[in-house]
Every structure is written in structure tokens, then in C-alpha cells.
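Enquirer: Following this message is one structure expressed as C-alpha cells.
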Amino acid sequence: TYVVTDNCIRCKYMDCVEVCPVDCFYEGENMLVIHPDECIDCGVCEPECPAEAIKPDTESGLDKWLEINTKYANVWPNITEKRDAPADAKEMDGVADKFEKYFS
Ligand code: SF4
Ligand code: F3S
């Protein structure tokens, strides 16, 4: 599966939603997650994210994010249509410790 990671938080561009063939993104207030049982590993969302927040879970160090994606994909609502990104998405790109500060 692919997972959404830290830099999505408060960037939330939602370009990923537009390209996913199986609509497996789920929406929290400040970020999206991928449902690992629904993702078909096609990889098309990865290069589409302007914040480079989507990664294959085969990359090392992503255990925490696989857990977060799994947990919240089962709680948050499905999202199938892109909306406008937050007004300060550009300023939030690359900010450190987003999970600790802004996760929701
Ligand atoms: Fe959707 Fe493909 Fe991205 Fe998985 S890898 S979330 S199926 S676009
Ligand atoms: Fe987040 Fe990137 Fe999608 S910022 S909402 S994973 S396009």
C-alpha cells in the first residue's frame, strides 16, 4: 500500500483524490489518509502530490504512518472530490513536526 505522511498535514492539496482509481482516500480536518486494504498499489497518486507526502510503505521508517493511515481510514469519511487547498498550504509545506503540532 501507499501511505500519506507528515507533510500532508495542513497542505492538504487533494490532487491525490482526483487520480485514485479506487477512491481510497479518507478525510480528516487537516490531512487525508489512504485505506491500506483498498489501495491497489498503482502508484499514480505519489507524483501528483505537490507536498510529496505520499510514499510506498515499503520505504523504511513508515511504520508509524501505516498505523495512522490504517486507524483513521476506518474512522474518517471517504473523499472523492478535490476542493481548494487551505489558503496557507504553501507556507505550511515543509514545516517540521506537523504531526505533533497540527494532526487532526
Ligand atoms: Fe489510490 Fe493508487 Fe494511490 Fe493507492 S497508489 S492510493 S490506489 S492512487
Ligand atoms: Fe495531502 Fe498531497 Fe493529497 S498534500 S491531500 S496527500 S495531494
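Enquirer: Suppose we keep only residues that are of a type outside the set (K, R) and outside any loop (DSSP other than H, G, I, E, B) within segment 38-55. Which one would you say is most open to solvent (accessible area, probe 1.4 Å)?
Expert: Initial filter on segment 38-55 (of a type outside the set (K, R)): 38-54.
Right, trim to outside any loop (DSSP other than H, G, I, E, B) and you get 46-48, 54.
Numbers: E46: 66, P47: 102, E48: 83, I54: 7 Å².
Filtering first and then ranking leaves P47.
Enquirer: Across segment 75-96, which residue is most open to solvent (accessible area, probe 1.4 Å) among those that are touching a residue at least 40 places away in the same chain (Cβ under 8 Å) and among the acidic types (D, E)?
Expert: Checking each candidate, the answer is E81.
Enquirer: Also, quick follow-up: How many residues are among the charged types (D, E, K, R) and either within 13 Å of the chain's Cα centre (by Cα) or assigned to a helix (DSSP H, G or I) (or both) if we restrict to segment 83-104? Don't jump to the end; show me each part of the working.
Expert: Kept after step one, since they are among the charged types (D, E, K, R), are these residues of segment 83-104: 83-84, 88, 90-91, 93, 97-98, 100-101.
So of that shortlist, the ones also either within 13 Å of the chain's Cα centre (by Cα) or assigned to a helix (DSSP H, G or I) (or both) come out as 90-91, 98, 100-101.
Final tally of qualifying residues: 5.
Enquirer: If you scan segment 18-37, which residues turn out to be within 14 Å of E48 (Cα to Cα), near ligand 1 (Cβ under 6 Å from one of its atoms) and either crowded, with 19+ Cβ neighbours inside 10 Å or touching a residue at least 40 places away in the same chain (Cβ under 8 Å) (or both)?
Expert: C20
Enquirer: Filter segment 56-73 down to residues that are assigned to a loop (DSSP other than H, G, I, E, B) and of a type outside the set (A, V, I, L, M) and give me whichever is surrounded by the fewest Cβ atoms within 10 Å (Cβ to Cβ).
Expert: The initial filter retains those residues of segment 56-73 that are assigned to a loop (DSSP other than H, G, I, E, B), namely 57-62.
Within this subset, residues satisfying the condition of being of a type outside the set (A, V, I, L, M) are 57-61.
Working: D57: 18, T58: 9, E59: 11, S60: 6, G61: 8.
Per the criteria, the residue is S60.
The values are calculated or read from the model by the stated rules, or taken from the named source; none is laboratory data. These numbers come from a predicted model, not from an experiment. Here the Cβ is made from the backbone with ideal geometry for all residues, glycine too, and neighbour counts use every protein chain on show. In case anyone asks, the SASA skips ligands and DNA or RNA and just uses the protein heavy atoms, side chains included. Shrake-Rupley method; radii C 1.70, N 1.55, O 1.52, S 1.80 Å.
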